[in-house]
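Inspection log for the structure reproduced underneath, given as structure tokens.
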Amino acid sequence: MPKIRKEDKLPLRLKQLGKIYRLIEQFEEISRIDLSKLSRLAPATITALTRELIKEKLIVERAVQNTESRGRPAIGLCVSPFYWQSLCATLIENKFEIILSELDGVAIKHVAYPLNSEDLTNLDNVLTQHLESFLEEAKHECNHIITFSVAVGGVLDHQKNRLLKLGETELDIDLKALFSPYFKTPILITEYFQTWLLAESTLGSVINCDNVLFLQLDNGINFSVLSKGELLTNRFQVRSRIGKMYVPKHNELQDLISLDIPNDERYQLRNQITHRAIYPLIKHFYPETNKLDSTEKIRFLCEKANNGDETAQQIIFHIADSLAYILMNLVNIFGSEKIMLNASYLGSKDLFLTRLNKQLQLYLADTYTNVEVLTGKYEWNSPVIAASAIKQSIYDGSLLGHFIRS
């Protein structure tokens, strides 16, 4: 048998370390024997891997008393909350939030920096100023940062880590190069949709479901599919494009939507329910909103609907009905059991979600009676979501390679 060079072993070893870390996080106080059974790795391999994770202060041993025996306590393994920290940022059109937290998700410091339209014209300088301010304020609390992760609610060039668009603003910023001078650790740049999806699928409301549709709706439409426990992805991203799917004409409001769009594109989903499509409706019926920014316009609409304004409710119902029609087609294609939704229109959650589920059941008739649209377990700015990209990089071993050497 030919010898395998040590560098050839490294990727497999890192994957094994990531796999063991994930199992320990999932089954707190798990024994090495149980780890061996669940991972299907030899006990000797488990001993070596856990020794390395303990050495790097990623896990700790803890005595576990067996209630059925008065003998010596068993030794369980847990994720260590005492050494490594994660530093995460969420960047959206009107806000830059930075969260310092323990690796188990407990927040240490959390600051939100508002962004306005003028900031977006000089965004690279504004972001570095905010980061410098945060690091200065948290200098006595920052210890052993494992990585800096930025989740962007915009359009990214995944191959070059460049931010191309935030809200309606066109940009061209190399985020990794922008932040690298401040850290000796790796910089992770991801789309917010990806971090939200990872958090909800591994720790959130659909953790035990293998067939799920994930949908995020705001300025754009992000969509992904979990089928038989596997995310359907391509080489560069986890999302698919459904914005060009067509919806039927089902109300008079549609005569006022996307009038500047060619007729053969007006009834595409992206031109019927995204923020860009709904803003003209809000402006038409509520001219007092002209000076509000995009986030405030949607918040105004939801508040009006919640307070019983009939026109606002009809706009919310139009969005729900159009989305239900598309979801009906997607459920029939993928045989999904649950639909996980993240949308700014959930500011009117009771109206929007109730109408969406009702219309979806009408469209599906008797074919998929148990399908339900759910909202996420975590708030959009939860440390769990912010840190999910970091956790995923530990699970697959890629982040471990930066500080675990052969």
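Does residue 9 count as assigned to a helix (DSSP H, G or I), more than 27 Å from the chain's Cα centre (by Cα) and at pLDDT below 90? When the stated conditions are applied, residue 9 passes them. Please enumerate the residues belonging to the range 175-190 that are touching a helix residue (DSSP H, G or I) at 6+ places or on another chain (Cβ under 9 Å) and surrounded by fewer than 16 Cβ atoms within 10 Å (Cβ to Cβ). Hits for the range 175-190 are 181, 182.
Would you confirm whether or not the range 261-271 contains a residue that is at pLDDT below 95, of a type in the set (Val, Ile, Thr) and under 19 Å from residue 243 (Cα atoms)? Taking every residue of the range 261-271 in turn, at least one turns out to be at pLDDT below 95, of a type in the set (Val, Ile, Thr) and under 19 Å from residue 243 (Cα atoms). Filtering the range 191-223 to residues that are within 18 Å of residue 353 (Cβ to Cβ) and open to solvent by 30 Å² or more (accessible area, probe 1.4 Å) leaves 205, 218.
Of the strands (runs of 3 or more DSSP E) lying entirely inside the range 117-199, those carrying at least 1 residues that are of a type in the set (Gly, Ala, Ser) and under 25 Å from residue 404 (Cα atoms) are 145-152.
Note on the range 190-235: among residues that are out of contact with any strand residue (DSSP E or B) (no Cβ under 7 Å at 6 or more places or on another chain) and hydroxyl-bearing (Ser, Thr, Tyr), the one that is farthest from residue 163 (Cα to Cα) is 227.
Assess whether residue 315 counts as being at pLDDT below 95 and of a type outside the set (D, E, K, R).
Judged against the criteria, residue 315 is not a match.
Just checking, does the range 255-265 include any residue being within 23 Å of residue 361 (Cα to Cα), surrounded by fewer than 20 Cβ atoms within 10 Å (Cβ to Cβ) and of a type in the set (Val, Ile, Thr)? Within the range 255-265, none of the residues are within 23 Å of residue 361 (Cα to Cα), surrounded by fewer than 20 Cβ atoms within 10 Å (Cβ to Cβ) and of a type in the set (Val, Ile, Thr).
The values are calculated or read from the model by the stated rules, or taken from the named source; none is laboratory data. Remember, predicted model here, so these are calculated numbers, not experimental data. Using ideal geometry, Cβ is built from the backbone for each residue, glycine included, and neighbour counts are taken over all protein chains shown. Note: accessible area is taken over every heavy atom of the protein model, side chains too, but ligands, DNA and RNA are not part of it. Shrake-Rupley method; radii C 1.70, N 1.55, O 1.52, S 1.80 Å.
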